[in-house]
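The values are calculated or read from the model by the stated rules, or taken from the named source; none is laboratory data. What you see is a predicted model, and the numbers here were worked out from it, not measured in a lab. When we count neighbours, we look across all protein chains shown, and the Cβ atoms used for this are built from the backbone with ideal geometry, even at glycine. The protein model used for the area step is the full one, side chains on, heavy atoms only, and it has no ligands, DNA or RNA in it. Shrake-Rupley method; radii C 1.70, N 1.55, O 1.52, S 1.80 Å.
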Amino acid sequence: MSEHWSESSSWEGQCSGGATDSEHWSESESSSRSGEGPSAEAAAEELVRFLLDLQIGGRMSARTLCVICWWASKAGCRSSELAKYAHEPEAQSGKFQRRIDSAMGISVKTASYSIRVPVYKKGGVTREEEETAVEIPYEQLLAEIADTPDFEDTLRNAVDQNRMPISYYSHEVVRAARAAGEAKPPVPVGLFIDGVAFLKKASFIALWAYCLTTGVRHVIAILRNDLLCTCGCRGWCSLYRIFAFAKWAFNAAAEATYPGARHDGAAWPDGDPRGDVAGSRMQHRFAVVWLKSDWGEIGHTLGFTTWSSKLWPCYCCNVEKDELHNVEERFAAQLPWALLTQQDYEDACAACEVDVVVPDRATHAKLRASLFFDRRAAGSRGRALSVDVQVGDIVLKAGDRLEASHLLDNTFAFDLIKQFPTRVRFWRPKSQSFSNRRNPLFSITGFTIDRLVVDLLHCLYLGVAQSWIVASLWALLRQDVWGTGSTILGIQRLRALLKVYYKRNAGLVTQIQYLSMKMLGTAKKPASAPFKGAEAKGLVNFVVSLLEQHSLVAPDLLLAGKQLQQYIKLIDTSPLNVAPPAQQAMREAVVGFLIHGLRGGMKPIAKVHQFLHAAHATRLHGNPRYYSNWIDESLNKDLAGVARAAYSSVWAARIFQCWRFLRNSRSTGLTL
């Protein structure tokens, strides 16, 4: 499938994605030792960059930054860069941030692009629509490509030398570009969506996009959870507008044609440069290859059922809840459940959708009078009918929900309809299977539900690996293998051994600051996930070594640990496009780990089943290390810092402006 776009040189030098941060620091340190220190101007620029990083991330006030620059300039530091940010300490508080914005050349008063989103503000009488800033993804990606030397050669070599996953070569956009004989291969794009807490009682949902060959993350949209619609839809009315906007942008990017109108169909405003390029060709075509998220976000935010569903607990296959923990050796070759396809998704949505034509004002009034806000936990989740209503030849049932769609993307706007006949959509929850909503993201060209990838950070290191670690430690403690006579003394002995292990592996593993009894739970009720993801990964070898020293205590858990070690070694050493023998070895290691782990007393959690899908999805998406969320979760913390420092009146616009600075000053991802 890896047909060549053109003759090209070796891609080997591009695989690592360039020098690492530690390599850059090593070069800097060696130059300092050799006496080649930076010039005074260069040192001042680095100081300003460092201070801006702190201020934008919410760890320093605007006043502190400006005052530091002020006194540094007064102390004799002659730097034009420093002078731009300097401001006298006695100035009014609001002038410091304006000084920084002016020096950085940013303005948050007018967003680059904005969309109207239904929001609910505390203290408001009803829901309202508010302009919120967003970033058009193809604009950000094209700008990044223009600033990346040798981007086209890097991408072409990766494609020609079969370094992309099958999900790229089989993509509809890629196949169409190859069939048309286009000179440039489409640019592979990944999406990431996650919820992030940034204050004690406030969080946001962010949608990211990034190019797989560079790894640079772009924030596309961001919404505060406390502003999401509260009509019972659990925020869907607000999220729908974001997803519809993303669909519009990525479909234009798939066609490599600048759109002729805004996302809502309105004409480009006079003076908007986007109107000047409307209908013209982009420099590159883009293909959305996968979307990353944790299982909770896939269920709640993207509109699927979750693992709590009895009939449809999995968004990947048709397994039932009582089979979620079933693992057999034959699963290494093929899973026994039918994988869900895009056609299954279309059929599931179509089974719930009831499109009706409201013929006149009287029927409209009858529907309005029958609608209520169903906020019940097991209710319809939105504006639903309280009684059956006849509309033409169609009988709408009690419980049917007025649904946001391309026919009417704001359910509150239904009350304002004045022209008839008009077409609207209802959703019948009683007919639901694995999809609770029709998500516009799955109408992006070539993007199908099998492109939802499993994140190993949450599935493995915050999931089944922790279950195995806790089960193993409790097996050792229950048997009192160290002869301490009590669990508390046993944990103290465990801490001492862990300290020795960390000392021997200093700098190689992430350390737990303090292992306590509370972290492990009790023998009857072990803790579920007491460690951070990186801490759990660092504990795997330690726990295996303990089980080897006491091999008769938990032989199945020991075998499970060795299989887990083998799997981690495979994903850490394999390229993105994994060879078939390595794929089989990964599946066998996963199945072996789960079988022996469950047999040895590992807690059966839903992620056992998800881990099976992660192993089998390697055929389509390649090495899961390349789409794990380690980098993304780390960047979430940076974005949360920016969100904390942003004023609410220009919240989203300031986040986008400031994120560009952080993005350009940091390494942001694992590349191909």
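For region 274-321, the spherically averaged projection of the C-alpha convex hull amounts to 5.6 nm².
From the P(r) of region 406-469, can you give the percent of Cα pairs sitting at distances over 19 Å? Counting pairs separated by more than 19 Å, the tail of P(r) holds 62 percent.
The three principal axes of the Cα atoms in region 166-276 give end-to-end lengths of 53, 40, 25 Å, sorted in falling order.
Considering only protein heavy atoms and a probe of 1.4 Å, how much of the accessible area of the chain is carbon and sulfur, as a whole percent?
The value for the chain is 51 percent carbon and sulfur by accessible area.
Placing dummy labels 7 Å off each Cα toward the beta-carbon, the span from Leu620 to Val395 is 4.0 nm. Dipole of the chain computed with +1 at Lys/Arg Cβ and -1 at Asp/Glu Cβ about the Cα centre; of Leu335, Ala398, Ala43, farthest Cα towards the positive end is Ala398. For region 370-493, the square roots of the Cα gyration tensor eigenvalues, ordered a ≥ b ≥ c, give a/c of at least 1.5 with a/b greater than b/c, which places it in the prolate category.
The translational diffusion coefficient of region 460-554, from Stokes-Einstein at 37 °C and 0.692 mPa s with a Kirkwood hydrodynamic radius over alpha carbon pairs, comes to 245 µm²/s. Just so you know, the Rg over Rh for region 248-327 is 1.25, from Cα atoms, with Rh as the Kirkwood radius. Taking 18 Å as the straight-line reach from the Cα of Lys310, the lysines in range (excluding those fewer than 8 positions away in the same chain) are Lys321, Lys430, Lys607. Dipole size of the chain about its Cα centre, with +1 on Lys/Arg Cβ and -1 on Asp/Glu Cβ: approximately 2540 debye, rounded to the nearest 20. Tell me which lysines have Cα within less than 23 Å of Lys418's Cα, excluding those fewer than 8 residues away on the same chain? Candidates past the 8-residue exclusion: Lys366. Comparing Ala365, Tyr240, Leu82 along the charge dipole axis of the chain, the residue lying farthest to the positive side is Ala365, per the Cβ-charge model. Helix-only arithmetic for the chain: the sum of -39500 (n - 2.57) across DSSP H runs with n ≥ 4, divided by the residue total, places the mean residue ellipticity at 222 nm at -13000 deg cm²/dmol.
For region 348-429, build the convex hull from the C-alpha positions and give me its volume per residue in Å³. Before the final figure, lay out each step's value.
Working: hull volume 7.1 nm³, N = 82.
Roughly 87 Å³ of hull volume per residue.
With the simple spin-label model, which puts each label point 7 Å out from Cα in the Cβ direction, the Thr306 to Ala183 separation comes to 5.1 nm.
Given points 7 Å out from each Cα along the Cα-Cβ axis, report the Ala40 to Arg116 separation in nanometres with one decimal. Here the modelled spin labels are 5.7 nm apart.
Solvent-accessible area of Lys121, all protein chains in place: 70 Å² (probe radius 1.4 Å, heavy atoms, ligands and nucleic acids excluded).
Quote the convex hull volume per residue of region 74-224, based on C-alpha atoms, as a whole number of Å³. Before the final figure, lay out each step's value.
Working: hull volume 33.6 nm³, N = 151.
Residue-normalised Cα hull volume stands at 222 Å³.
Taking the Cα centre of region 566-672 as origin and assigning +1 to Lys and Arg Cβ atoms and -1 to Asp and Glu Cβ atoms, the resulting dipole is close to 180 debye.
Assuming 0.36 nm per residue, please report the length gained on full extension of the stretch Asp147 to Glu131 beyond their Cα-Cα distance.
Once the chain is fully extended between Asp147 and Glu131, it gains 2.7 nm.
A Förster distance of 30 Å, applied to the separation of the beta-carbon atoms of Ser93 and Ala202, puts the FRET efficiency at 0.85.
When the expected Rg is taken as 2.2 N^0.38 Å, what fraction or multiple of it is the alpha-carbon Rg of region 356-398?
1.20
Across the chain, C-alpha contacts under 8 Å between residues 6 or more apart give a mean separation that, scaled by the residue count, equals a relative contact order of 16 percent.
Report, in cubic angstrom per residue, the convex hull volume of the C-alpha atoms of region 227-367. Intermediate values should be presented prior to the final figure.
On the way: hull volume 30.0 nm³, N = 141.
Given the Cα convex hull of region 227-367, per-residue volume reads 213 Å³.
Among 82-92, 50-60, sorting by the average number of other beta carbon atoms lying within 10 angstrom of each residue, highest first, gives 50-60, 82-92.
Charge dipole (Cα centre; +1 on Lys/Arg Cβ, -1 on Asp/Glu Cβ; no other charges) of region 290-329 amounts to roughly 260 debye.
Distance distribution note for region 304-402: the fraction of Cα pairs above 15 angstrom is 72%.
Starting from the Kirkwood radius over alpha-carbon pairs of the chain, derive D by Stokes-Einstein at 25 °C in a medium of 0.890 mPa s and give it in µm² s⁻¹.
Taking Rh from Cα pairs, D becomes 88 µm²/s.
If each Cα of region 42-100 is one equal point scatterer, what is log10 of I(q)/I(0) from the Debye formula at q = 0.16, 0.26 Å⁻¹? Summing over Cα pairs of region 42-100 leads to -0.42, -1.07.
What is the ratio of the Cα radius of gyration of region 498-631 to 2.2 N^0.38 Å, with N the residue count, to two decimals? Working shown, then result.
Working: Rg = 15.6 Å, N = 134, 2.2 N^0.38 = 14.1 Å.
Rounded to two decimals, the normalised Rg is 1.10.
The length gained on full extension between Gln161 and Ala261, counted as 0.36 nm times the residue separation minus their Cα-Cα distance, comes to 32.2 nm. Each Lys or Arg adds one and each Asp or Glu subtracts one; over the other residues with Cβ under 14 Å from the Cβ of Val540, this totals +1. With all protein chains in place and ligands, DNA and RNA left out, the 1.4 Å accessible area ranks Ser370, Ser170 as Ser170, Ser370, largest first. The local environment of Lys524, defined by Cβ-Cβ distances under 14 Å, has a net charge of +3 under the rule Lys, Arg +1 and Asp, Glu -1.
Since only Tyr647, Ala176, Ala506 are under comparison, the one whose Cα sits farthest along the positive direction of the charge dipole of the chain, derived from C-beta charges on Lys, Arg, Asp and Glu, is Tyr647.
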